[in-house]
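A.B. asks: Here you go, one structure.
The values are calculated or read from the model by the stated rules, or taken from the named source; none is laboratory data. Predicted model only: the values in this text are computed from it and were never measured. Here the Cβ is made from the backbone with ideal geometry for all residues, glycine too, and neighbour counts use every protein chain on show.
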Amino acid sequence: MDQSPRTLPAHRWPRSMKRVIAVDWSGAKAGARSKIWLAEVCGGRLTRLESGRDRDELIAYLIEVASTDPDLVVGLDFAFSFASWFAEGEGATSIKEVWDLVAKKGEDWLSNCQPPFWGRRGKPRPDLREHYRRTERCAAETKDVNPKSVFQIGGAGAVGTGSIRGMPYLAKLAEAGFSIWPFHGAQPRAPSDTEPRQTPIVIEIYPRLLTGRVTKSDFCKRRAHLTAKCLPEIGGGLACKAASSEDAFDAAVSAVEMSRHLDEIVELTQSPDAVERIEGAIWWPREPRADAATSRPAAQPQADCLFRVISRETVIAESRHAVAIRDGYPVSRGHTLVVPKAHVKSLFDLSTEAQADVWHLVAKVRSDLQSHLNPDGFNIGLNDGRAAGQTVEHAHVHVIPRFYGDVADPRGGIRWVLPECAAYWDQ
């Protein structure tokens, strides 16, 4: 089962988005500051992971960020609406009316816990026309998860309280200029605009769909997951913080997964489906993803490809999409190759996500070489195509430490690929 159409050809989001914030939300009446976690990925790195804001303060922060940097995607961990039958029964014909209804009646629903709401002591699950939105049924069928009903406001895993206390804030974000997917489309371009208008986007996330199967209540399992999944975006002290609690873990991993699929997120537009425009939809990465999604066909490894099989013993560093090994014919001490795991002739045959990951590993290799060898400089580059000197038809980046005196005159560096044109200072 696939969800209803998710994109339209017109009014696409700007492709330049790069700042991602994921929020692990809480509907707790007290102590929300310690339970609400915000994670931010910018430029391919987790740069912020923190708690300490209540719901009002968090929404005010998001509005403040967007006022100065609309190049923003926000993921919020609560249901953005109810099943359509409930909304229609309450007289709501638009998502704004749903959110206004929740703002007026939500606390009474939570206090009284009358059907269709359930989960408090003495309030068992009622027999309803339907407990789930279509998006939750789709998640259960296609991703093998067990989503919770928005009507459950008590008991283990209840999401209803957080959702009811979250929906009115979506109206505030919309009033502040955010587009809430799938209810809204990109803001139209004004006659005075010379550039496409950037619109901050809000999407509904369900962290279990982004973290995968992991026992999140166990610190050791959280830490092992962060290591095993090779998340180069999460490093240093933030990795320790991400493993410190289930809330921090969900926020951090969700932000990373969102950042890895920005090309997909920026294609989201207002849904053409009437049910989805009332119920909302959980965002998760579509399949296929990563390198399989590139428009160029994937090359198959040749039997004589030097990098067809790389021994684990030779790998000195690794990221999600690449490995680093020492060059078999080094031109200097520490000469290292960063090799994509996918067999591609050109680095630019990779997805943008994979290319970014390769360059992150290049930066790590350079930093390690700087620490261990203390070179005086580096040559970093690749041969892209036979005319450029590529002899192995599997893309790879050279990281070559340089030392004073290794050549008589180092001026020009990579310009010496065409010796006749290299010494421009003599012309």
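A.B. asks: Do you know which residues across region 115-145 are in a helix (DSSP H, G or I) and of a type outside the set (A, V, I, L, M, F, W, C)?
C.D. replies: R134, T135, E136, R137, E141, T142, K143
A.B. asks: What number goes with the only condition from (1) farther than 30 Å from L226 by Cβ; (2) aliphatic (A, V, I, L, M); (3) touching a strand residue (DSSP E or B) at 6+ places or on another chain (Cβ under 7 Å); (4) at pLDDT below 85 that I400 does not pass?
C.D. replies: If we test I400 against (1) farther than 30 Å from L226 by Cβ; (2) aliphatic (A, V, I, L, M); (3) touching a strand residue (DSSP E or B) at 6+ places or on another chain (Cβ under 7 Å); (4) at pLDDT below 85, just (4) comes out false.
A.B. asks: Moving on to the next point. Kindly provide the set of residues from region 19-36 that are under 16 Å from the mean Cα position of the chain (by Cα) and within 19 Å of E64 (Cβ to Cβ), ordered by number.
C.D. replies: Once the filter is applied, which keeps residues that are under 16 Å from the mean Cα position of the chain (by Cα) and within 19 Å of E64 (Cβ to Cβ), region 19-36 yields R19, V20, I21, A22, V23.
A.B. asks: Inside region 346-367, can you point out the residues that are in a loop (DSSP other than H, G, I, E, B) and at pLDDT below 90?
C.D. replies: Passing the criteria: L350, S351.
A.B. asks: Follow-up question, since we're still on this one. I'd like to know if region 146-156 contains one or more residues that are at pLDDT 85 or above, out of contact with any Cys (no Cβ under 9 Å at 6 or more places or on another chain), assigned to a helix (DSSP H, G or I) and not hydroxyl-bearing (S, T, Y).
C.D. replies: no
A.B. asks: Something else now. Would you mention how many residues in region 101-114 are out of contact with any helix residue (DSSP H, G or I) (no Cβ under 7 Å at 6 or more places or on another chain) and either in a helix (DSSP H, G or I) or polar (S, T, N, Q) (or both)?
C.D. replies: 8
A.B. asks: Here's a follow-up. How do the pairs read when you match residues in region 76-87 that are of a type in the set (D, E) with residues anywhere that are surrounded by 24 or more Cβ atoms within 10 Å (Cβ to Cβ) and not in a loop (DSSP other than H, G, I, E, B), using Cβ under 6 Å and keeping only pairs 6 or more apart or on different chains?
C.D. replies: Once the first residue is of a type in the set (D, E) and sits in region 76-87, its partners that are surrounded by 24 or more Cβ atoms within 10 Å (Cβ to Cβ) and not in a loop (DSSP other than H, G, I, E, B) give D77/D24.
A.B. asks: Let me ask something else. For the subset of region 87-100 comprising residues that are acidic (D, E) and in a helix (DSSP H, G or I), which member is modelled with the lowest pLDDT?
C.D. replies: Of everything passing the filter in region 87-100, E88 is modelled with the lowest pLDDT.
A.B. asks: Test L72 against the criterion of being of a type outside the set (S, T, N, Q), touching a residue at least 60 places away in the same chain (Cβ under 8 Å), crowded, with 19+ Cβ neighbours inside 10 Å and in the same structural domain as A239 (by TED's automatic domain parsing), and give yes or no.
C.D. replies: It is true that L72 is of a type outside the set (S, T, N, Q), touching a residue at least 60 places away in the same chain (Cβ under 8 Å), crowded, with 19+ Cβ neighbours inside 10 Å and in the same structural domain as A239 (by TED's automatic domain parsing).
A.B. asks: Return yes or no: is E107 within 26 Å of the chain's Cα centre (by Cα) and exposed (fewer than 14 other Cβ atoms within 10 Å of the Cβ)?
C.D. replies: No; evaluated as a whole, the condition is false for this residue.
A.B. asks: With the structure loaded, tell me whether R208 is over 27 Å from V323 (Cβ atoms) and either assigned to a loop (DSSP other than H, G, I, E, B) or charged (D, E, K, R) (or both) or whether it fails that test.
C.D. replies: Against the criterion (over 27 Å from V323 (Cβ atoms) and either assigned to a loop (DSSP other than H, G, I, E, B) or charged (D, E, K, R) (or both)), R208 qualifies.
A.B. asks: Something else: Are there any pairs with C-beta distances below 9 angstrom linking a residue in region 313-329 that is more than 24 Å from I234 (Cα to Cα) to a residue that is modelled with pLDDT of 90 or more and of a type in the set (S, T, N, Q), with the two at least 6 apart or on different chains, and if so which?
C.D. replies: R326/T336; D327/T336
A.B. asks: Could you go through region 272-282 and let me know if any residue there is modelled with pLDDT of 85 or more and under 18 Å from the mean Cα position of the chain (by Cα).
C.D. replies: yes
A.B. asks: So which of F378, F403 ends up being surrounded by fewer than 18 Cβ atoms within 10 Å (Cβ to Cβ), assigned by TED's automatic domain parsing to the domain that holds A317 and of a type outside the set (S, T, N, Q)?
C.D. replies: The unique qualifying residue is F403.
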